[in-house]
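Below is one structure, written out as structure tokens; comments come after it.
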């Protein structure tokens, strides 16, 4: 890769969290919605069992399909083996590629749409994992977009499908539609009134699962929880959408009631909690990403009640991403030691939030 190509790639990656720049429906509690579809090519072993030549064949066939369609003409193609570890981590923090994909591997490529809402991972756990993201509660919108992407590729590639079971996938829980829908929820109210475990346990009875900020095996940071359907076999796409929409709305209702109770019954306690978070963010000299997310979560709670105008949900969502390790290093000149990174994070937060006051 030439120096000019490297600069061009860095400039493209720099904008990969741009999809977070606006507000969406129910943005006070639902930060984003995602639709992901898993597909595999027929007569080729799933990616975890495939040999190098077979993975290469998958990549070549998908490249050919993408290249023959005007639908993908503006998509950016990134070879994971040619993308350095900092750039890969940056894309993971922007939720465009998975933790598994971020680790690298041969014959792995990701295509990303110019608006950064759609990404197509080739040779992850499945041969193809296509996803669409958008802000707020927009499950039907992201599903419609990713179905269009899937149909465009499906006209050019024969996907592995069983007459009885539906689309075949590497993980049995994805067999059927191959569809995983999820919403990223911000639930500080339920955390503060100690009802979060009760509510999230209730989610499981609807065939849903709760994960951390970056999906499977990730931590619950900053009061953020990813809720998604657990299985697809025997479920239609419409059933999956209806259940997740309904449950997400119920959780939002519980969250808003918890916030109302906090602000009505314990106003001084909540004000102290939020004010302390702002004070630490404005004056700390060292801060790791987990602590930053915890404090920013409290600020987002205050934004919901109009205490930090003109700071809004969209700007706060960007901050939640920008304090992550790769974003911080990317904007400050490359990889740096952890302690120096924590110092720069604190300085960045002081700079960005120094003018904000509790209203």
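The values are calculated or read from the model by the stated rules, or taken from the named source; none is laboratory data. Not measured: the values here are computed from a predicted model. Virtual Cβ from ideal backbone geometry, glycine too; neighbours counted across all protein chains shown.
Results, tabulated for the structure shown:
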item	result
Considering residues of the stretch 286-302 that are surrounded by fewer than 18 Cβ atoms within 10 Å (Cβ to Cβ) and touching a helix residue (DSSP H, G or I) at 6+ places or on another chain (Cβ under 7 Å) only, the residue nearest to residue 260 (Cα to Cα)	288
Qualifying residue in the stretch 272-285 (condition: farther than 30 Å from residue 347 by Cα and touching a helix residue (DSSP H, G or I) at 6+ places or on another chain (Cβ under 7 Å))	no
Subset tally (residues that are surrounded by 24 or more Cβ atoms within 10 Å (Cβ to Cβ) and either over 24 Å from residue 212 (Cβ atoms) or over 19 Å from the mean Cα position of the chain (by Cα) (or both)) for the stretch 159-189	2
Flag for residue 263 being in contact with a strand residue (DSSP E or B) (Cβ under 7 Å, 6 or more places away or on another chain) and either outside any loop (DSSP other than H, G, I, E, B) or outside the structural domain of residue 171 (by TED's automatic domain parsing) (or both)	no
Selection status of residue 281, farther than 23 Å from residue 88 by Cα, outside the structural domain of residue 87 (by TED's automatic domain parsing) and crowded, with 17+ Cβ neighbours inside 10 Å	yes
Pick from the stretch 304-321, criterion without any contact (Cβ under 8 Å) to a residue 40 or more places away in the chain and in contact with a helix residue (DSSP H, G or I) (Cβ under 7 Å, 6 or more places away or on another chain), ranking: nearest to residue 357 (Cα to Cα)	316
Flag for residue 273 being part of a helix (DSSP H, G or I) and closer than 22 Å to residue 93 by Cβ	no
The listed residue being more than 30 Å from residue 345 (Cα to Cα), part of a loop (DSSP other than H, G, I, E, B) and in contact (Cβ under 8 Å) with a residue 12 or more places away in the chain, out of 222, 234	234
Failed condition for residue 252, given (1) modelled with pLDDT under 95; (2) outside any strand (DSSP E or B); (3) out of contact with any helix residue (DSSP H, G or I) (no Cβ under 9 Å at 6 or more places or on another chain)	(1)
Residue list for the stretch 100-117, filter: out of contact with any helix residue (DSSP H, G or I) (no Cβ under 6 Å at 6 or more places or on another chain) and either within 21 Å of residue 183 (Cα to Cα) or not assigned by TED's automatic domain parsing to the domain that holds residue 153 (or both)	100, 101, 112, 113, 115
Of residues in the stretch 276-303 being touching a residue at least 60 places away in the same chain (Cβ under 8 Å) and outside any helix (DSSP H, G or I), the one farthest from residue 187 (Cα to Cα)	285
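Residue-by-condition table, conditions (1) part of a helix (DSSP H, G or I); (2) on the phi < 0 side of the Ramachandran plot; (3) surrounded by fewer than 19 Cβ atoms within 10 Å (Cβ to Cβ):
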| site | (1), (2), (3) |
| --- | --- |
| 12 | yes, yes, yes |
| 25 | no, yes, yes |
| 32 | no, yes, no |
| 35 | no, yes, no |
| 44 | no, yes, yes |
| 57 | yes, yes, yes |
| 64 | yes, yes, yes |
| 71 | yes, yes, yes |
| 74 | no, yes, yes |
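Residues are listed down the side, and each one gets a yes or a no for (1) buried (at least 21 other Cβ atoms within 10 Å of the Cβ); (2) at pLDDT 95 or above:
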site	(1), (2)
112	yes, yes
116	yes, no
120	yes, yes
126	yes, yes
132	yes, yes
137	yes, yes
140	no, yes
146	yes, yes
156	no, yes
